[in-house]
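Read the structure below first, then the notes.
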Amino acid sequence: MKKDIYVVGAVIIEKGKVLCAQRGQDEILPYKWEFPGGKIEAGETPQEAVKREIKEELLCHIEIGKEIDHTIYEYDFGTVHLSTFFCKLIEGEPQLTEHLEIKWVEPNKLESLDWAPADLPTVNKLSGMALIK
């Protein structure tokens, strides 16, 4: 039986664009794009996990909004349960600490990136949205 892995992703929006992060070459799913975030730790809510992960990974603080999607995707290494949330930067600018690259992308151009499969349902939802500028 495959391991269940519970993770969160932050859909950080600024000036109508979404922050996208590229996984490093030594990571699982190397070079794939994702919404920054990570594993939910014991005793954490998904919202607490998103705040902690963004503080650790991008060295900034966010405000958590509405949940966008919850997807379940079965990889060969386990079953990922991903919850994504709309987020807004409230302090700091995203810094590269774990990812190979980060970039701000317009919603209608998100599908041009090579996304991790678990992130695709959220990408599809965002692609047709006009995000607040």
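A few remarks follow.
- Linear extension gain, residue 59 paired with residue 77, 0.36 nm per residue minus alpha-carbon span: 3.6 nm
- According to the Kirkwood relation over distinct C-alpha pairs, the hydrodynamic radius of region 62-112 is 13.8 Å.
- The dipole here belongs to the chain: it is taken about the Cα centre, uses +1 on the Cβ of Lys and Arg and -1 on the Cβ of Asp and Glu, and is about 420 debye.
- For region 1-87, chymotrypsin sites (Phe, Trp or Tyr not before Pro) are listed when DSSP marks them as loop and at most 13 other Cβ atoms sit within 10 Å of their Cβ; the list is 31, 77.
- For region 1-43, backbone nitrogen atoms closer than 15 Å to the point 7 Å from residue 114 Cα along Cα-to-C-beta are found at 21-34.
- Where the chain is the region considered: accessible area per residue in Å², 1.4 Å probe: 56
- Computed lengthening from residue 2 to residue 42, 0.36 nm per intervening residue step minus Cα-Cα distance: 12.5 nm
- HN-Hα J in Hz across region 107-124 - Karplus 6.51, -1.76, 1.60, θ = phi - 60°, x for Gly and Pro: x, 6, 10, 4, 5, 6, 8, 8, 7, 5, x, 5, 7, 4, x, 5, 4, 4
- Potential lengthening of the chain between residue 101 and residue 26 amounts to 25.6 nm, from the contour at 0.36 nm per residue minus the alpha-carbon distance.
- Over region 1-59, the ratio between the Cα radius of gyration and 2.2 N^0.38 Å evaluates to 1.21.
- Length-normalised contact order of the chain in % [C-alpha pairs under 8 Å, at least 6 apart]: 33
- For the chain, share of DSSP beta bridges that run antiparallel, in % to the nearest 5: 70
- With every protein chain in place, the chain: carbon and sulfur % of accessible area (1.4 Å): 50
- Over the chain - Rg/Rh using Cα atoms and the Kirkwood inverse-distance radius: 0.93
The values are calculated or read from the model by the stated rules, or taken from the named source; none is laboratory data. This is a predicted model, so every value here is computed, not measured. Positions of Cβ are backbone-derived with ideal geometry, glycine not excepted, and every protein chain shown enters the neighbour counts. Remember, those area values only see protein heavy atoms, side chains included, never the ligands or the DNA or RNA. Shrake-Rupley method; radii C 1.70, N 1.55, O 1.52, S 1.80 Å.
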